[in-house]
1. Charges only on Cβ, +1 for Lys and Arg, -1 for Asp and Glu: so what's the dipole of the range 64-112 about the Cα centre, in debye to the nearest 20?
2. Tell me which trypsin sites (Lys or Arg not before Pro) from the range 72-134 have a DSSP coil assignment and no more than 15 other beta carbons within 10 Å of their own.
3. 7 Å from Cα along Cα→Cβ at both Asp222 and Arg459: what's the point-to-point distance in nm?
4. Any chance you could run the full-extension gain for Leu510 through Arg410? It's 0.36 nm times the residue separation minus the Cα-Cα distance, nm to one decimal.
5. Calculate, for Asp555 and Gln521, the FRET efficiency according to 1/(1 + (r/R0)^6) with r their C-beta to C-beta distance and R0 25 Å; round to the nearest 0.05.
6. Evaluate E = 1/(1 + (r/R0)^6) for Lys451 and Glu402, where r is the Cβ-Cβ distance and R0 equals 45 Å; express this FRET efficiency to the nearest 0.05.
7. Using a probe radius of 1.4 Å on heavy atoms only, what accessible surface per residue do you get for the range 359-492? Whole Å² is fine.
8. Per residue, what volume in Å³ does the Cα convex hull of the range 45-159 take up?
Amino acid sequence: MVSSPVSGVAGSVRIHQLTLAQLRKAERHGKRLDETGKARAVLDAPPLTTTGLNLEALYLAHIDGAFLPKARTKVLHVLVQFPSELVDGEDGPYMLKHARFFAESVFGSNAIIADRLDRDEKGRRNVDLFVVPKYIKKTKHTEKSAISVTRHLKLLADRYGRKQHKWDTGRALQDALHDYMDLIMGLEGVQRGNPKAVAGDDWKSAEELRAEEIARISADLDRQRSEIEEQRRNTQSLQDVAEADRSAANALRNSADAVREEAYRQESAAKQARAEAERIKLEAEAIRNRALDSEAKAETARHRKAQELEQREMKLATETAEVEKKSKNLSSDLETAQDNLLASQRALAGIAAKEEAIKSANNKRRAEQEVQDKQLALLARAADDDAGLELKLRGDRFEMNERMMTESERETYHQPWHEALIALARSLARMLKKLRDRARTLNLRETEFEKRKRVDEARDREERADIEAQRRQAREMLAKTIELQTTANVDLKDRQEGIHSNENEQKTWLFILKLTRDFPQMFDIASTGRISLTEEGRKQSEHRIIQTLAKEPPDWVKSTVKQQLTLAEETAAANAKRKDAEQLADRMAQLLKEAGPVLTPAQANLKERANQAMLAVAAQQENSGR
């Protein structure tokens, strides 16, 4: 991805729309069956996943029974990147959990079909989620589950006050991720990524970024080599100039020597001339007067020659001084060029030393990485208590049971551990301790549950027996009542002629008793068996019923009413007990649901049997209620 001024303290989220063919490619990449996946793998570590890597099978199972629109995009590939300076890149479960929670907060709890956190790549904080959002599609007459890859993003854009456009939904998604990391994860100092200056896709793969980085390094090396070569050429030019100046100086020296030889020859000639004049003076004293003029002329010429020679010598000395000055300057330039050449050679040697140091550091890092990979594998095996390694805290470090290790694992165990791996191991040890404590607590709860279950079953059996006995008693009383009514009817029939009005009254009471059973809201029944009408009952009752209820009811009516009250109280008590039992079953189901993530397979099986037992108890109570 493109680097940002807030990289390290800002997370990011990207979405790629995948067709079914691209989903298959993503599955091959996750399984490291393609060349790109093999090239990215720098470690030998499996990915973290809660769903598995069979993306196509997970997709087909997810969409089964749902309405699928005719669109090219089938799956959303959501990439969540956590800030490197705020989140531990070695805490994979933490990042995977929060990436899933964030995606569910946007796309719903039934949208993620697969997740993956690669542990073999250089990047340690990138979570891949494969999302197929669902919603309930309602029509005038039907409701059905449907798939939509845009609906939830548009709703998210509305929530953040953005337009329902591709780029604006992406900005809303970045806003939502920043809010989640700030408010839910509580990452202090987290920032939102800088918005794009220009709309468009600026995402680059890890291979593209790596190629650009290699190109930049190669360009820097080429530039350094060019500078060194330029320095070499400049040094050679300076050496050539110095050599030319040296040749010129030698030529000047040779010229000066020639001038000195010429002056010496002229001085020698002058001496010979003076000697010749002296000889002439000695030999020809007589002609001295005639030769005075010639001698004076010769002296003048000699003096002039001497002055010219002196001037030429002074000029030669000045030129020699200038040549020596230029020679010194050339020597200084030559020394500077030699110093530059030595500096260039030292720079080349430094670069070679750095390359060798980098190579040595890479070899050392690979060796350390191999040891760390083995240590991670050992921790992964220790995470399963069934392996018997008994990972636990010890002081500021941790310890494991070496007797359950192989020879290679013992050697890895005694190697120096990186601080991050120590922190990971201690975190894992604390988690395992919590799981062991929870398992013990769950076992105790299961034992207590079994005890309570047996007690509740015994109590239920007793209560059902009591209810059945009460029902038998109520039926017997009802039979007696019917018998009494039958007897009363026989008596009334025998005395029909004399007690016609009493018969009508008895029929009215029987009708009232039937009404109390069918329309209880119309009557108020006292514990003494006295019956009166409610306000609603007065409005709806006939005059003969009102007149009859104003009288004292017969004893058999009072007896029947009391039996009905008793039966109603017993039924209410039974319903209350059944409700308490259902609440207890619900609480136990909730406890089992909360304990679900830490159950072993055996415990999960026990949980399923407990659920079935509670369902059976609920069914029995339902039948008893009927």
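1. Its charge dipole is roughly 500 debye.
2. Numbers: sites: Arg72, Lys74, Lys97, Arg100, Arg116, Arg119, Lys122, Arg124, Arg125, Lys134; in loops: Arg72, Lys74, Arg119, Lys122, Arg124, Arg125.
For trypsin sites (Lys or Arg not before Pro) across the range 72-134 that sit outside H, G, I, E and B with at most 15 neighbouring Cβ atoms in 10 Å, the list reads Arg72, Lys122.
3. About 8.5 nm, to one decimal.
4. Working: separation 100, 0.36 × 100 = 36.00 nm, distance 9.21 nm.
Length gained, Leu510 through Arg410: 26.8 nm.
5. Working: r = 26 Å, r/R0 = 1.05.
Calculated value: 0.45.
6. Numbers: r = 41 Å, r/R0 = 0.90.
E between Lys451 and Glu402, to the nearest 0.05, is 0.65.
7. On the way: 9210 Å² over 134 residues.
The answer is 69 Å² per residue.
8. Details: hull volume 14.0 nm³, N = 115.
Output value, Cα hull per residue: 121 Å³.
The values are calculated or read from the model by the stated rules, or taken from the named source; none is laboratory data. Every value quoted in this text rests on a predicted model; they were computed, and no experiment measured them. Note that each Cβ is placed from the backbone with ideal geometry, even for glycine, and that neighbours are counted across all protein chains shown. For the accessible areas, the whole protein counts, side chains as well, though only heavy atoms, and no ligand, DNA or RNA atoms are used. Shrake-Rupley method; radii C 1.70, N 1.55, O 1.52, S 1.80 Å.
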